[in-house]
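Here is the structure we will look at, set down as structure tokens.
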Amino acid sequence: MTRTVYVNGEYLPENEAKVSIFDRAFLMADGVYEVTSVLDGKLIDFAGHANRLARSLSELDIPTPPEFDDLLEIHRKLVAENGVNEGMVYLQITRGAPGDRDFAFPPKDTRPTVVLFTQNKPGLADNPQAKVGIKVISIEDIRWGRRDIKTVQLLYPSMGKMMAKKAGCDDAWLVEDGFVTEGTSNNTYIVKGGKIITRNLSNDILHGITRAAVLKFAKEAQMEVEERPFTIEEAKQADEAFFTSASAFVMPVVEIDGAAIGGGKVGSVAPRLREIYLEESRKAAV
Ligand code: PDD
């Protein structure tokens, strides 16, 4: 099926959508993105994603595109046009295409490039992997120092994913100075003695929208939460491990570097958080 996608003010069939070879994201990874999930044809945590997008743009001094205030409408139109019931909307905004290559930023009046497309993923909420958990390896975190900005510099996370696949696993947890920062494309957690432990927010990790929601729901459900860095050794000794992201929601992790967590079985905290998250975010979806 040919999707309808959005490029700089136009809704087009995907095979007619084009961006310039001089686009700053193509030449310099000079762009930011968001992934918003869709359940029951509605957008999950849209306001959180829109706010983080505004922050990413501002941190990189990328001008706000003309359609910024219409982004909800654009998301909704694409979801409707493409008949997405469960899936994701991918959005990317770049510093635009100044017409040549130059390390210096282009003039401020260069139009940012805005691209959105949908990904249809039936069964996203009922993902069978959430019932059995996934396996991860640990790798060194060699990414740049502003991981709080959601940029399209995804080569290392992509390589990390391939390293995990090669090792017969599903994902990689990144480690810096002995402590886990986050997963290739998610925030990471362990559970010990009923307490949920996750790295505190800083420039070292992406401030996950799902993380914020899940921690809020956990506190509301009287679960204890501690925001601090943890090591792979500590994770191996934990009762449970899991990760969160807009595309996976809450996903249990049952093995790290070959060591079984919680006897290699999914525990009780991660599934409960997944259930609460799905229920509450469905209610608040727009
Ligand atoms: N990734 N950390 C990193 C490095 C991420 O790339 C992501 C999201 C997260 C979780 O953030 P959120 O809960 O806001 O999705 C944490 C998206 C899903 C992706 O790249 O596809």
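So what is the calculated 222 nm ellipticity per residue for the chain, using -39500 (n - 2.57) for each DSSP H run with n of 4 or more, over all residues, to the nearest 500 deg cm²/dmol? Could the numbers behind the result be given before it?
Numbers: 8 runs with 79 residues, N = 286.
Calculated at 222 nm, the ellipticity per residue is -8000 deg cm²/dmol.
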The chain, relative contact order in percent, only Cα pairs under 8 angstrom and at least six apart counted: 19 percent
For the chain, built as a Gaussian network whose Cα springs stay under 10 Å, the top-fluctuating residue of Ser202, Ser56, Ser245: Ser202
Cα extents of segment 4-120 along the three principal axes, largest first (Å): 44, 31, 20
Share of pairwise Cα separations in the chain, more than 29 Å, in percent: 36 percent
Stretch gain in nm, segment Lys283-Asp102, where the contour uses 0.36 nm per residue and the Cα spacing is subtracted: 60.5 nm
Simple label model, 7 Å out from Cα along Cβ direction - Ala260 to Asp177, nm: 3.6 nm
Label-point separation, Ser20 to Glu67 (7 Å along Cα→Cβ), nm: 1.7 nm
Residue range of the chain that is longest and free of chymotrypsin sites (Phe, Trp or Tyr not before Pro) which are both DSSP loop and sparsely packed (at most 12 other C-beta within 10 Å): 145-286
With Cα atoms, 0 to 90° folded angle of helix 269-284 axis to the chain main axis: 40 degrees
Nitroxide proxy distance, nm - points 7 Å out along Cα→Cβ at Glu227 and Lys192: 2.0 nm
28 Å Cα-Cα threshold exceeded, pairs from Lys161/Lys219; Lys165/Lys265; Lys131/Lys216; Lys131/Lys236; Lys42/Lys165: Lys161/Lys219; Lys42/Lys165
Qualifying trypsin sites (Lys or Arg not before Pro) in segment 1-59, DSSP loop, other Cβ atoms within 10 Å at most 16: Lys18
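Grab the beta carbon distance between Asp239 and Lys216, set R0 = 25 Å, and tell me the FRET efficiency rounded to 0.05.
On the way: r = 22 Å, r/R0 = 0.88.
The pair Asp239/Lys216 has a calculated efficiency of 0.70.
For the chain, give me the percentage of DSSP beta bridges that are antiparallel, rounded to the nearest 5 percent.
Working: 44 of 56 bridges.
Here the share of antiparallel DSSP bridges comes out near 80 percent.
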Ascending count of other beta-carbon atoms within 10 Å, so fewest first, for Asp170, Asp102: Asp102, Asp170
Gaussian network model of the chain, Cα within-10 Å springs - most flexible of Arg274, Arg143, Arg95: Arg143
Bridge type composition, segment 129-284 - antiparallel percent by DSSP, nearest 5: 60 percent
Pairwise centroid distance, computed over Cα atoms, of segment 28-81 with segment 182-235, Å: 24 Å
GNM flexibility winner over the chain from Thr231, Thr184, Thr210 (Cα, springs under 10 Å): Thr231
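Coordinate-derived values only; no laboratory data. Bear in mind that the values here come from a model prediction, so they are computed numbers and not experimental data. Counting neighbours? That spans all protein chains shown, and the Cβs are built from the backbone with ideal geometry, glycine included.
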